[in-house]
Structure formats: C-alpha cells, structure tokens
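Enquirer: Let me give you the structure first, and then I'll get to my questions.
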Amino acid sequence: MPDLTGSLREIIAEHRAVRNTDAAEESCTCGAEGLSDHSRHVAEQIRDRLGLRPEAVDDAKKRIRYATAWLDWELTIMEGAQC
C-alpha cells in the first residue's frame, strides 16, 4: 500500500496559494491562475493524483448495504431461534 500521508504532503506542498494583492482571485505555485477557490483546486488535485473516483464510493455504498442487509437477516434468524 502506498504511503498516503507522503503522497498527500507532496500534493499539498506543490499547491500553495499565492494571493494577488490587486485581484480577488488566487494563483497556485503549480502555475494555475485565476482561482476563486484554491481549496477546491487542491482537493481536485488530490482526487486526480490518488485516482479517487465517484464509482469507488458507489461501490463501497453497495457493499455496506449488502453487509447491513446480511447482518439484519442473521439477527432476525437469531431472534427467531430464541423464541
């Protein structure tokens, strides 16, 4: 498993905000300019570099629902056996 802490630190270090005194927008040390939301820019970079995708979240939700349904069924069986 890759060192996530190291990867995150590297990404954050590469994306420092640079405030422009004459504008409301920011730049980034990576070269991106005209950022209205630097935090979002960094979050998108983390998502992209770590390969995080919404499909992975959906798959995790499906697995959690399946595990929850299985546990509910097992508890129902155990409660029936106690009667």
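Enquirer: Per q in 0.21, 0.26, 0.27 Å⁻¹, report the Debye log10 I(q)/I(0) for the chain, using one uniform scatterer on each alpha carbon and no solvent.
Expert: These q points yield log10 I(q)/I(0) values of -0.97, -1.15, -1.19.
Enquirer: Quick check on the chain: helices-only [θ] at 222 nm, where DSSP H runs of length 4 and up contribute -39,500 (n - 2.57) each and the sum goes over total residues. Nearest 500, please.
Expert: When only DSSP H runs of four or more count, the value is -21500 deg cm²/dmol.
Enquirer: So how tilted is helix 38-50 from the main axis of the chain? Cα-based, degrees 0 to 90, rounded to 10.
Expert: For 38-50 against the chain, the angle is about 60 degrees.
Enquirer: Working out 0.36 nm times the residue gap between Lys61 and Ala43, then minus their Cα-Cα distance, what length gain in nm do you get to one decimal?
Expert: In short, 4.3 nm is gained.
Enquirer: Also, quick follow-up: If you line up the long axis of helix 4-14 against the longest principal axis of the chain, both from Cα atoms, how many degrees apart are they, to the nearest 10?
Expert: For helix 4-14, the angle is close to 20 degrees.
Enquirer: Report, by chain and number, residues whose modeled amide H sits under 5 Å from the one on Cys30, excluding near sequence neighbours (fewer than 5 apart, same chain).
Expert: Arg16
Enquirer: Next up: Between Ile12 and Leu52, what is the label-point separation in nm under the 7 Å Cα-to-beta-carbon projection?
Expert: Here the answer is 1.3 nm between the modelled labels.
Enquirer: To the nearest 10 degrees, how steep is helix 54-82 against the longest Cα principal axis of the chain, on a 0 to 90 scale?
Expert: The angle comes out near 20 degrees.
Enquirer: How high is the relative contact order of the chain, in percent, counting Cα pairs under 8 Å that sit 6 or more residues apart?
Expert: In percent, rounded to a whole number, it is 16.
Values in this text are rule-based calculations from the coordinates and carry no lab data. Remember, it's a predicted structure, so these values are computed and weren't measured experimentally. Cβ atoms come from the backbone with ideal geometry, glycine included; neighbour counts cover every protein chain shown.
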